[in-house]
Amino acid sequence: MMPNILLGTLMMIVTTAIHSVFTIFSLRVLNRWLHRRHNVHSYNAIALIAGTILMFFAAALIEVGVWSGAYLAIGAIEGVETSLYYSMVTFTTLGYGDVVLSDRWRLLSSLEAANGIIMFGWTTAVVMAVVQRSFAKVLEHIHRKKDPSAT
């Protein structure tokens, strides 16, 4: 049981670091966009939101790949494709059950599922922040165009 908990904790630290990098990058992009004075249109906001979602999808794929690598490294799963498939199904909490870990490592999969829930919740929070801030900026820009005396 302890090897599962230790490895699961290490994996959560690694995925948290990955997610942190993507969060910082997306918030920097958002901040730059919010400080623009021109070209603040709704289609720019849509592109910003879509880009944020795609970035976090890439983060999730990287995190799944890291978990997959761990399963391969400890010999819990054989084959890269099977390991990636199992990790994706587990990380997203879909859990088909067609690939299962041995009794020795099965606790690890529940830790990956918990990690996935946390990462997707975090992603949702960042995406909602981008949605709220970008559309607020668009509305502010529209208001300024209608009433140039407003600051």
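Available extension along the chain between Ile74 and Phe120 is 14.0 nm, counting 0.36 nm per residue and deducting the alpha carbon span. Here the gap between Val66 and Leu34, fully extended at 0.36 nm per residue and compared with their Cα-Cα distance, gives a gain of 8.2 nm.
Spherically averaged projected area of the convex hull of Cα atoms, region 46-120: 5.1 nm². Between Ile13 and Thr82, the C-beta separation translates, for a Förster distance of 35 Å, into a calculated FRET efficiency of about 0.90.
If you plug the beta carbon distance of Glu140 and Leu94 into 1/(1 + (r/R0)^6) with R0 = 35 Å, you get a FRET efficiency near 0.30. Applying 1/(1 + (r/R0)^6) with R0 = 30 Å to the Cβ-Cβ distance of Ile24 and Leu107 gives a FRET efficiency near 0.40. Distance between the 7 Å Cα→Cβ label points at Leu54 and Val127: 1.5 nm.
Checking (1) 14.1, 39; (2) 20.1, 70; (3) 16.6, 52 against Rg and Dmax of the Cα atoms in Å calculated from these atoms, the matching label is (2).
Helix content alone sets the calculated 222 nm mean residue ellipticity of the chain: runs of n ≥ 4 DSSP H residues at -39500 (n - 2.57) each, divided across all residues, give -28500 deg cm²/dmol.
No value in this document is a laboratory result; all are computed from the given coordinates. Model, not experiment: these values are computed from the prediction. FYI the Cβ positions are ideal-geometry reconstructions off the backbone, even for glycines, and counts take in every protein chain you see.
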